[in-house]
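**Student:** I'd like to ask you about the structure that follows.
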Amino acid sequence: MQLRDIETFVVGNPPPSFGGRYFLFVKVTSADGIVGWGEMYGATVGPKVQCAVAEDIFHRHCAGLSAHDVERMFRRVHSSGFSQRPDPTVMAAFSAIEMACWDIAGKAADKPVHQLIGGLVNPRLRSYTYLYPTDDQDPATFYADPEASAEAAIRYVEQGFTALKFDPAGPYTVNDPHQPAVIDIDRSVRFCKAIREAVGTKADLLFGTHGQFTPSGAVRMARAITPYDPLWFEEPVPPEMPEAMAHVAQHSTVPIATGERLTTKYEFARVLACGAANILQPALGRSGGIWEAKKIAAIAEVYGAQIAPHLYCGPIEAAANVQFGASIPNFLILESIKQFDGFHAELLDHPIKWEDGHVIPSNRPGLGHNVREDVARANPYTGDRLHLEMQDETYNYSGENRFAGG
């Protein structure tokens, strides 16, 4: 299973583009012809540059090694550039290569990845979805309308979801963190109230933000939404200083969740050590891959923290999240893009199985899913925008700020 070749794909995600503008896949081939798939959650540089990083890392640090040598590859990638510190661009590239290695190893052994990393602990994975607008709804209006989100919540609960995420707190900007405006706190409360009244106790509420608040501003927001008992308050402050997030956690009865923008066990361990959060959300296309995520989960287990794999990406990162989540005892919940239908399903040879609010882990070899290359090649992304972009304008306190989704 000596690693031989890599090919990268920048796949445009057609409207409504839930999961991002594009997906970044890697196809790694071993010397004996086994193909493994991986996906980068790369948002810090343009897609062509991110793919070039993956190709450089593969040829510099991984080619010629066995697909089993993921620990050795990680140490090379983490250390050889004389940084030895978490780097989201580099780790996104390595994460994709690493999950492709597990895909190859599983296919060679004729076993699903979860059987190679501890076995099946969770045969069903509870999942949640964002509240998304329908095709005939304007996103800018939908994401500011609590009644529209309450109606969407009812639809998703009827489908079987028992947890729903929404982020009504306004845009995130390049100048964050900021204090929330009174109108943002009021809108957030109205969202929580409307959705809670709509679903009652049938679903948990997951209050999402994007690290946009100051610690004191986040405490104000937490206090305002507490009566509606959300399962979590996601990333209330920027990720650079977990000590600041710990201040929020100390003053909030709503559990704090974080991890989308973190990489490697080092950053996650710091979050746990300072008490910043007890729900961790590693995105396996950025956090360091499957083996690194297992280490993160093990450290979290010691602290009594739970794992909720993050997903704003394509179906291969989702497949890796599923195999990982199936193998850990402190799994909480899995993010899904609705029911993994639509373009996510079209891209795979076997759609991810979703039923009655849960994902059923695949027992097929490797990650259990391959990219349909004909679909990927037929949908190239030719732009140069980032996967996610922050608002460039300074936050406006004199009028309503609207967030039209990621």
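The values are calculated or read from the model by the stated rules, or taken from the named source; none is laboratory data. Worth saying up front: this structure is predicted, and the values here are computed from it rather than measured. FYI the Cβ positions are ideal-geometry reconstructions off the backbone, even for glycines, and counts take in every protein chain you see.
**Student:** Testing Ala150 on (1) under 30 Å from Ser398 (Cα atoms); (2) among the small types (Gly, Ala, Ser); (3) not in a helix (DSSP H, G or I), one condition comes back false. Which one is that?
**Tutor:** Answer for Ala150: the failing condition is (3).
**Student:** With the structure loaded, tell me whether Gly211 is within 24 Å of Ala277 (Cβ to Cβ) and either in a helix (DSSP H, G or I) or among the basic types (Lys, Arg) (or both) or whether it fails that test.
**Tutor:** Values: within 24 Å of Ala277 (Cβ to Cβ): yes; either in a helix (DSSP H, G or I) or among the basic types (Lys, Arg) (or both): no.
Answer is no for this residue.
**Student:** Right, another one. Can you work out which of the residues in region 113-134 that are more than 16 Å from Phe331 (Cβ to Cβ) and either of a type outside the set (Ser, Thr, Tyr) or part of a helix (DSSP H, G or I) (or both) is nearest to the chain's Cα centre (by Cα)?
**Tutor:** In the first step, residues of region 113-134 are kept if they are more than 16 Å from Phe331 (Cβ to Cβ); the result is 115-116, 129-134.
Checking which are either of a type outside the set (Ser, Thr, Tyr) or part of a helix (DSSP H, G or I) (or both) leaves us with 115-116, 131, 133.
Working: Gln115: 23, Leu116: 23, Leu131: 16, Pro133: 20 Å.
Only one residue tops the list, namely Leu131.
**Student:** Could you grab me the full set of residues in region 75-130 that are aromatic (Phe, Trp, Tyr) and either out of contact with any Phe, Trp or Tyr (no Cβ under 8 Å at 6 or more places or on another chain) or farther than 19 Å from Gly42 by Cα (or both)? Show your work before the answer.
**Tutor:** Taking region 75-130 and keeping what is aromatic (Phe, Trp, Tyr), we get 82, 94, 102, 128, 130.
Answer for region 75-130, where residues must be aromatic (Phe, Trp, Tyr) and either out of contact with any Phe, Trp or Tyr (no Cβ under 8 Å at 6 or more places or on another chain) or farther than 19 Å from Gly42 by Cα (or both): Phe82, Trp102, Tyr128, Tyr130.
**Student:** I'm told Ser79 meets every condition in (1) under 17 Å from Gly289 (Cβ atoms); (2) surrounded by fewer than 24 Cβ atoms within 10 Å (Cβ to Cβ); (3) in contact (Cβ under 8 Å) with a residue 12 or more places away in the chain except one. Can you identify the failing condition by its number?
**Tutor:** Condition (3) is where Ser79 drops out.
**Student:** Which one is surrounded by the fewest Cβ atoms within 10 Å (Cβ to Cβ) among residues in region 221-276 that are under 25 Å from Ala96 (Cα atoms) and among the β-branched types (Val, Ile, Thr)?
**Tutor:** Thr264
**Student:** May I ask you to verify whether Gln159 is surrounded by 15 or more Cβ atoms within 10 Å (Cβ to Cβ) and among the polar types (S, T, N, Q)?
**Tutor:** On the way: surrounded by 15 or more Cβ atoms within 10 Å (Cβ to Cβ): no; among the polar types (S, T, N, Q): yes.
Against the criterion (surrounded by 15 or more Cβ atoms within 10 Å (Cβ to Cβ) and among the polar types (S, T, N, Q)), Gln159 does not qualify.
**Student:** Considering (1) of a type in the set (A, V, I, L, M, F, W, C); (2) in contact with a Pro (Cβ under 7 Å, 6 or more places away or on another chain); (3) buried (at least 24 other Cβ atoms within 10 Å of the Cβ), say which one Ala345 fails and leave the rest.
**Tutor:** It is condition (3) that Ala345 fails.
**Student:** Tell me which helices (runs of 4 or more DSSP H) are completely within region 219-336 and hold 1 or more residues being touching a residue at least 40 places away in the same chain (Cβ under 8 Å), or say none if there are none. Break it down stepwise before answering.
**Tutor:** Numbers: elements: 242-250, 264-273, 290-302, 315-325.
So the answer is 264-273, 290-302, 315-325.
**Student:** Can you find a residue in region 350-364 that is in a helix (DSSP H, G or I) and either free of Cβ contacts under 8 Å to residues at least 40 places away in the same chain or in the same structural domain as Gln306 (by TED's automatic domain parsing) (or both)? Let's see the steps before the verdict.
**Tutor:** Residues of region 350-364 that are in a helix (DSSP H, G or I), as a first pass: none.
There is no residue in region 350-364 that is in a helix (DSSP H, G or I) and either free of Cβ contacts under 8 Å to residues at least 40 places away in the same chain or in the same structural domain as Gln306 (by TED's automatic domain parsing) (or both).
**Student:** Return yes or no: is Pro177 touching a residue at least 40 places away in the same chain (Cβ under 8 Å), under 15 Å from Glu400 (Cβ atoms) and of a type outside the set (Asp, Glu)? Please lay out each step first, then the result.
**Tutor:** Details: touching a residue at least 40 places away in the same chain (Cβ under 8 Å): yes; under 15 Å from Glu400 (Cβ atoms): no; of a type outside the set (Asp, Glu): yes.
No; evaluated as a whole, the condition is false for this residue.
**Student:** Go through the residues of region 200-216 one by one and say whether even a single one is among the aliphatic types (A, V, I, L, M) and either surrounded by fewer than 18 Cβ atoms within 10 Å (Cβ to Cβ) or more than 26 Å from Gly314 (Cα to Cα) (or both).
**Tutor:** Of the residues in region 200-216, the ones among the aliphatic types (A, V, I, L, M) are 203, 205-206.
Of the ones still in play, those that are also either surrounded by fewer than 18 Cβ atoms within 10 Å (Cβ to Cβ) or more than 26 Å from Gly314 (Cα to Cα) (or both) are none.
Within region 200-216, none of the residues are among the aliphatic types (A, V, I, L, M) and either surrounded by fewer than 18 Cβ atoms within 10 Å (Cβ to Cβ) or more than 26 Å from Gly314 (Cα to Cα) (or both).
**Student:** Same structure, new question: Output the number of the condition that Asp374 fails; it satisfies all remaining conditions of (1) assigned to a loop (DSSP other than H, G, I, E, B); (2) without any contact (Cβ under 8 Å) to a residue 24 or more places away in the chain.
**Tutor:** Asp374 satisfies every listed condition except (1).
**Student:** Still on this structure, please answer the following. Pairs, please: C-beta under 9 Å, at least 6 apart or cross-chain, first residue in the same structural domain as Asp184 (by TED's automatic domain parsing) and in region 134-158, second polar (S, T, N, Q) and surrounded by fewer than 18 Cβ atoms within 10 Å (Cβ to Cβ)?
**Tutor:** Within 9 Å, the pairs are Phe142/Thr134; Asp145/Gln137; Ala148/Gln137; Ala148/Thr141; Ala152/Thr134; Ala152/Gln137; Arg155/Thr134.
**Student:** For region 155-198, name all the residues that are under 23 Å from the mean Cα position of the chain (by Cα), farther than 20 Å from Ser127 by Cα and in a strand (DSSP E or B).
**Tutor:** Thr173
**Student:** Among the residues of region 20-44, count how many are out of contact with any helix residue (DSSP H, G or I) (no Cβ under 9 Å at 6 or more places or on another chain) and free of Cβ contacts under 8 Å to residues at least 60 places away in the same chain.
**Tutor:** Of all residues in region 20-44, those out of contact with any helix residue (DSSP H, G or I) (no Cβ under 9 Å at 6 or more places or on another chain) come to 20, 31, 33.
If we keep only those that are free of Cβ contacts under 8 Å to residues at least 60 places away in the same chain as well, we get 31, 33.
Total satisfying the criteria: 2.
**Student:** Only residues that are at pLDDT 95 or above, among the polar types (S, T, N, Q) and surrounded by fewer than 18 Cβ atoms within 10 Å (Cβ to Cβ): list them for region 95-152, please.
**Tutor:** Within region 95-152, Gln115 is the sole residue that qualifies.
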